Each structure stands twice: as structure tokens, then as C-alpha cells.
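The values are calculated or read from the model by the stated rules, or taken from the named source; none is laboratory data. A quick note: this is a predicted structure, and the numbers were derived from the prediction, not measured. Don't worry about glycine lacking a Cβ; one is built from the backbone with ideal geometry, like all the others, and counts go over all protein chains shown.
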Amino acid sequence: MLILMAIEDMLVDLGCTSIAAAATIEKALALIEAGPFDMAIVDVNLGGERSYPIAKSLKAHGIPFAFSTGYGGHGVAQGHGNGSVLNKPFDYPQLTKVLTALLEPAT
Amino acid sequence: MVKDEAGKVVQHFVSLVDTTKHHQAQEQAAKLIDELNHRVKNTLATVQSIVAQAVRNSFDPQVVRESIETRIAALSRSHDLLGREKWQGAGLRDLVVQVLEPFGVAGGRAERFTIEGKNIRLSPKAALALGIAFNELATNAVKYGAFSNKAGTVSVEWTLEHKSDGRWLCLRWRENGGPPVAPPSHKGFGSRVIERGLAHELDGKVSLDYPPDGVICTIDMPAPQAVLDG
């Protein structure tokens, strides 16, 4: 819980002006439908469930995203995501690098 | 009595069973280690958040240090409680007592607390979130509220209620008899944690109100699975 708030503070520091958060897959899918979003960070594990349905929906809506995980590199299955992975705990350099890359238009 | 070949077959059969048990034990161990990694990473990220908040909110090294220490201590106590129950969850009543213990619930200040409600089983996630929130409420009570003078009292009460959309756990933290209360001009980290963080984590509704008699925090959350299972 404190982690979410710290991430929000970091995002605000990096220039995000609007942040929405969801703690369950249903809430996340509803938020995506309500849109629009420039990017997303998705915890691989959400309330005990794998969050791949969220990744699928984000892809379908063309929203770039990165996975966040505490499991290290092997926590994200092949074929999902853009390959961007944030390792917990985050730090500013890592967050800046990954989020900046997400904002680059896909070539 | 059996030929060599028959004897060998018997031996293979026994080995197969042992291997299955061995594999199961290995799988179990791998799962536990994975779980442990996950929890440790989450704990580290939580500690990082605690440090970041403390540094952000004050220039005074003493204040920063105290803020970090008390929050990490609270986190550690929550872990103690969850560890005792093998991370299967925690009883709500046990949790409230555990969190309020350093604030005197078991000792000299016992008459200043009222705790009313069944020992409902919470998930580890809910227990951790509520533990953090209760610690923030109690810390604020010491700084500005019911524990900042000699007369103030705190009551923590909860009930299970049937509403149109299911069963809910409704909890109220109510302070009384402290110095006159006014809504804060600036919401501190503790208030953010309670009103935003907790509501998000529990998928419920949380409100923090400041009537002149004393702070009231209302926490409404969907009833824990343990309650629904009966």
C-alpha cells in the first residue's frame, strides 16, 4: 500500500499530471475502457492472480506499458509485454529510463 | 524367493514412489522460496517508501529518523503477527491489540482504549494494510489527538453488515476527550495513507473526519473471504 503511494510520488516528480490506480484485474480493465492513458505500469501479480488479461487489453487499446515484478527477470512469461520490465523496488534512474522508452513512438 | 529380475522390478517400484515424494517436496520448496522472494521484495519496496516519505516531509534529521524508525517498527510487528499464523492471515482483534500495544493498550493506558468486535480473520494483505493504517491513526492521536493529553480516549469498534451488494465489514475508530479538533490545513502522509492508500488496498471506502470532539475514521470493506466461507 505504501509502495503504491511512493510510486505515485515518483511519477509526479517525473512530471505525470494524472495518475489512476487499480488493485484488481476487473478495476484495471474498467479503467482502460474509460481511458485515455499515455502509458501503464502493471504488476505481474495482482491480488494473487497473474495480470496478463490487463496486458492483453492494454495492447488492444494501443497503450504502451511495462511490467513490474519482484521476481527478477524470469517472472515475466515470454511473449507478453513490450519486453519492458521494472524490478521492485524502483529507483528514479530505472523508472525514468523505462518510462521515457515507453513514450518513444514505436518504429 | 524371487528371481533376480523380479527382485530388481520390486526395487524399481519402490524407487518410483520415493522419487514422486522427492519431486513433490522439491516443488513445495521451490514454491516457498518464490513466495519468500516476493515477500522480501515487497517489504524492501515498502521500506523504501517509508524512507522516501520521511525524507520528503521534513528537513529535520531527528524527525526523519523517528518517522522511519516508528514505521519500520510497526511493519515489523505486523510481520510478527502474520508470522505467528504462518502468513495465513490474522484476526482483526489480535491485529488492533498488536498495533496499539506500543501506545499502551496493554499497559498503563489500558483504560483509555475500547476495542469491540469479533476476531474476524483477515487476509495477509488486508492485515498489513490495516496494520499500517491503525499505526498512522495512533501516531496522529499521540501527536495531535486523544493521546496528546491525559484525558482522551480511543474506541475501535466493528461489525459485519448485510448491504444490497453483499456483506461488509464496517469499522470505526473514534477519538474523544482530546484537545479540540480542527480539520488540518494540509493533509499529511498519514492522512493520505488512510484515505487513499487503505481504500485502494482493501477495495473499500475510507473517510477521515474531524468533528470537534475527536477524529473519526470510518473503514468499510467487503467482508473477508473467511467470513463468507462461514
Quick check, is B:Val193 farther than 15 Å from B:Ala138 by Cα, aliphatic (A, V, I, L, M) and under 17 Å from the mean Cα position of the chain (by Cα)? no
Among the residues of the stretch A:65-86, how many are modelled with pLDDT under 85 and within 14 Å of another protein chain (Cβ to nearest Cβ)? 8
Filter the stretch B:177-206 for residues that are in contact with a helix residue (DSSP H, G or I) (Cβ under 6 Å, 6 or more places away or on another chain), assigned to a helix (DSSP H, G or I) and more than 9 Å from chain A (Cβ to nearest Cβ); which is surrounded by the fewest Cβ atoms within 10 Å (Cβ to Cβ)? B:Gly190
Considering the stretch B:75-131 alone, what residues qualify as being β-branched (Val, Ile, Thr), at pLDDT 90 or above and more than 16 Å from B:Gln225 (Cβ to Cβ)? B:Val96, B:Val97, B:Val99, B:Thr114, B:Ile115
Checking B:Gln88 against (1) closer than 30 Å to B:Ile33 by Cα; (2) of a type outside the set (Asp, Glu); (3) crowded, with 16+ Cβ neighbours inside 10 Å, which test does it fail? (3)
Those residues that are away from chain B (no Cβ under 14 Å) and more than 14 Å from the chain's Cα centre (by Cα), I need them from the stretch A:1-56; list them, please. A:Gly15, A:Thr17, A:Ser18, A:Glu33, A:Ala34, A:Gly35, A:Pro36
Only one residue in B:Arg167, B:Arg174 is outside any helix (DSSP H, G or I), buried (at least 18 other Cβ atoms within 10 Å of the Cβ) and charged (D, E, K, R), so which one is that? B:Arg174
Consider only pairs whose beta carbons are under 8 Å apart and that are at least six residues apart or on different chains; among these, list those whose first residue lies in the stretch B:196-217 and is closer than 16 Å to B:Leu169 by Cβ and whose second residue is assigned to a loop (DSSP other than H, G, I, E, B). B:Leu198/A:Met1; B:Leu198/B:Gly204; B:Glu201/A:Met1; B:Glu201/A:Ala23; B:Asp203/A:Ala23; B:Asp203/A:Thr24
